[in-house]
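Beneath this line is the structure, given in structure tokens, with notes to follow.
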Amino acid sequence: MFEYPFSIDYFWQSAAELQCVPPSIANLLFDQGSLTSLLKQQCQQFRVKVLSEKWVPATKSHIAIFNGDVQKVLCREVLLYCDDMPKVYAQSWITQAAYQVGVSGLGETPLGEVLFCDDSWLRSQLDVCTFQSGSTFSTLSRVHNEAAAQLYARRRVFTKSDAQVMVCEIFLPGE
């Protein structure tokens, strides 16, 4: 059905630049804290479903984002569910150094719980973007939920010494 991982090469901009965001998504999109914690507050049952986790060669985009000599990265793709409704498609890109310092063997543990529970992980500013219907992410939302004219996403890089993790979160439409 889908070939994972999806591309990360979209037009990302600073959170301050994105205009006209519906209030229903703005509190999730612009929140500076852990998305996992925020979602857990909004539902009775929270869970993570791992879609894919595999090592892939680093692309020019990864090398530019991670500012370093990155040969390969672990791509972890998950769906975050609230009360059995998929709310977020998350794609994390984990460098080998990050994998070696504790971002390994997560299974269904949310990555946010690992990154936000350790104050030594420094967080970049949020980048955000939108996806129009017809994109891969819109197709994903139709399969897992319902169609939407526009989807919103955010990403940031977590850094701990030479270890880096980029987390991209795409908010799926829903009730």
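For the reader, a short list of remarks on this structure follows.
- Top-ranked residue in the range 64-86 [being over 30 Å from Q45 (Cβ atoms) and of a type in the set (D, E, K, R); ranked as modelled with the highest pLDDT]: K72
- No other residue among V88, V21 is farther than 24 Å from F116 by Cα, in contact with a Leu (Cβ under 8 Å, 6 or more places away or on another chain) and open to solvent by less than 70 Å² (accessible area, probe 1.4 Å) apart from V21.
- Of the set (1) polar (S, T, N, Q); (2) assigned to a loop (DSSP other than H, G, I, E, B); (3) at pLDDT 85 or above, all apply to S7 but (3).
- Considering residues of the range 105-117 that are in a loop (DSSP other than H, G, I, E, B) and open to solvent by less than 50 Å² (accessible area, probe 1.4 Å) only, the residue nearest to T95 (Cα to Cα): L106
- Boolean, S14 is closer than 18 Å to V88 by Cα and either modelled with pLDDT of 85 or more or open to solvent by 40 Å² or more (accessible area, probe 1.4 Å) (or both): no
- Condition met for L122 (closer than 18 Å to D31 by Cα and either out of contact with any His (no Cβ under 8 Å at 6 or more places or on another chain) or open to solvent by 10 Å² or more (accessible area, probe 1.4 Å) (or both)): yes
The values are calculated or read from the model by the stated rules, or taken from the named source; none is laboratory data. Because the structure is predicted, anything quoted here is derived from the model rather than measured. Here the Cβ is made from the backbone with ideal geometry for all residues, glycine too, and neighbour counts use every protein chain on show. Each accessible area value is taken on the protein alone, full model and side chains, heavy atoms only, with ligands, DNA and RNA left out. Shrake-Rupley method; radii C 1.70, N 1.55, O 1.52, S 1.80 Å.
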